[in-house]
Amino acid sequence: MQPQNSLLSATGTTIFTVMSALALEHGAINLGQGFPDYDGPADVIHAAAAALLDGRNQYPPLAGVPELRQAVAAHNRRFYGIEADPAAEVVVTSGATEAITACLVAVLNPGDECVLIEPLYDTYLPVVKLLGAVPRLVRLSPPEWALPRAELAAAFGPKTKAILFNSPMNPTGKVFTAAELAFIADLVARHDCYAICDEVYEHLTFDGWRHIPLMTLPGMRERCMRIGSAGKTFSLTGWKVGYITCDRSLAGNVAKAHQNLTFTTPPNLQRGVAVGLMKDDAYFAGLSAHLQAKRDRLAAGLAGLGFGVLPTQGSYFITTDFRPLGFNGDDVAFCRALTEQAKVAAIPVTAFYASPDAPSHYARFAFCKNEALLDAALERMRGWVEARATARGAEGPAPGQGSILTAAAG
């Protein structure tokens, strides 16, 4: 048989699939994959259900039903002051992952360079490579995750066609600052390139942090493709409805890419999302407050067990340093042990790195779960930590190292 696509053949199963399968096998509580264990707003769901019964179930327009494109444009105006023509500057996709791919396809040619910021979502790099483009990786470092300006500037060059980045950021929980965005905007303008802005967590920010779309900065309106997600904004991840806002000069190619990927998106789900985007401001403020309380609950519990808990300004996720627990393996070994023994699944943060020497002592937990489930997960982990501490205490601590229980108490 002739060889298949070499890049895909060399790409393993995603860590999210692996850890979710392991969680199922061991009856573990899944705090790995970022999906809520509760439904989204009832009015949004009922609108989609009703839309199935009104006789409009054939192919909708390629770029999206008018109701949703208008709602996306109104949402841009209401929250960010972005004026977009719903008929010419909004494209609806089958999820934000497809939106990211469509934007990359729209602008990248073989040999073009695309700047990516690590840690990164696991589909970014394979798509860039499948298109024959060259990734240029720039790494953020924990615990501050500050933008390394010299390294980012060095990644741009004569062949740079685009930068793709995520804010609020998975898995770091970082919200890019106005100063960082201004630095990125200056590089984009100076190198005459595009910015693909993965903003799916735009309404999931905490502690007074606010998301700023790069598109709102001077000179960026015609260079940015701004991606939103109904799955994240309405806790309906299975619907797979995304939307791209971009200048009309870009929208044509984005729509052509979408045409060749999925062509369109279920019309009833689009119309349900349109209802959601028109909800009053209280819904969006409440979403942040609701998730911030969950973040605080899980963060406090993990800190109480001895984890080093890194700040989370946005998204669904907390990053933790498990070294204070006295675990000597890497993050993959830790997450496997946690799943098999504590019956709680997390994601190793090295899964979000493509370049060598990634930090291997961090695990990511999702807090977009019901409080009872978060509490149950913490209780399981407490039992595991205490059992390991007891076992190590019986053996005696290694030279210069205290027990896990001591670390947890400290």
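Can you tell me what percent of all Cα-Cα pairs in the range 210-358 are more than 27 Å apart?
46 percent
Packing-wise, with mean Cβ within 10 Å as the measure, how do 5-14, 86-95, 269-278, 48-57 rank, highest first?
269-278, 86-95, 48-57, 5-14
Along the Cα-to-C-beta direction of Ala88, a point sits 7 Å from the Cα; which residues of the range 237-270 have their amide N less than 18 Å from that point?
The answer is 244-256, whose backbone nitrogens lie closer than 18 Å to the label point.
Could you give me the percent of Cα pairs per 10 Å distance bin for the range 154-224, shortest bin first, beginning at zero and ending with the bin that holds the maximum distance?
Reading upward from the zero bin: 20, 53, 24, 3.
Heavy-atom accessible area of Leu310 with all protein chains present, probe 1.4 Å, nearest 10 Å²?
Per-residue accessible area (Leu310): approximately 20 Å².
How big is the range 268-317 by Rg and Dmax over its Cα atoms, in Å?
When restricted to the Cα atoms of the range 268-317, Rg and Dmax are 15.4, 47 Å.
Accessible surface of Phe365 in the full protein assembly, 1.4 angstrom probe, to the nearest 10 Å²?
0 Å²
Report the per residue volume, in Å³, of the convex hull enclosing the C-alpha atoms of the chain. Provide the component values of the computation, followed by the final result.
Details: hull volume 66.9 nm³, N = 410.
Residue-normalised Cα hull volume stands at 163 Å³.
Taking the Cβ-Cβ separation of Asp357 and Thr390 as r and a Förster radius of 35 Å, what is the calculated FRET efficiency to the nearest 0.05?
Numbers: r = 35 Å, r/R0 = 0.99.
After rounding, the FRET efficiency stands at 0.50.
Can you give me the solvent accessible area of Trp384 with a 1.4 Å probe, rounded to the nearest 10 Å²?
20 Å²
In the structure shown, do any of Lys343/Lys369; Lys232/Lys369; Lys129/Lys256; Lys174/Lys279; Lys174/Lys256; Lys129/Lys159 have a Cα-Cα gap over 24 Å, and if so which?
In this structure, Lys174/Lys279; Lys174/Lys256 lie more than 24 Å apart at Cα.
Per the 1.4 Å probe, what fraction of the accessible area of the range 1-111, in percent, lies on carbon and sulfur atoms? Mind showing how you got there, number by number?
Numbers: 3250 of 5600 Å².
Accessible surface attributable to carbon and sulfur in the range 1-111 totals 58 percent.
Compute a Gaussian network model of the chain, connecting alpha carbons closer than 10 Å, and tell me which residue from Thr216, Thr265, Thr319 fluctuates the most.
Comparing Thr216, Thr265, Thr319 in a Gaussian network model of the chain, the most mobile one is Thr216.
At a 10 angstrom cut-off on C-beta neighbours, averaged per residue, how do the peptides 151-159, 32-40 rank from highest to lowest?
32-40, 151-159
Using a 7 Å offset from the Cα along the Cα-to-Cβ direction at both Arg382 and Ala285, what is the distance between the two label points in nm, to one decimal?
3.5 nm
Please work out the FRET efficiency for the pair Arg149 and Arg210, using the Cβ-Cβ distance as r and a Förster radius of 25 Å; give the result to the nearest 0.05.
After rounding to 0.05, the efficiency reads 0.70.
The values are calculated or read from the model by the stated rules, or taken from the named source; none is laboratory data. The shown structure was predicted, so the numbers you read here are calculated from the model rather than taken from an experiment. Because the Cβ atoms are built from the backbone with ideal geometry, glycine has one as well, and the counts that use them run over all protein chains shown. When the accessible area is computed, the model is the full protein with side chains, heavy atoms only, and any ligands, DNA or RNA have been set aside. Shrake-Rupley method; radii C 1.70, N 1.55, O 1.52, S 1.80 Å.
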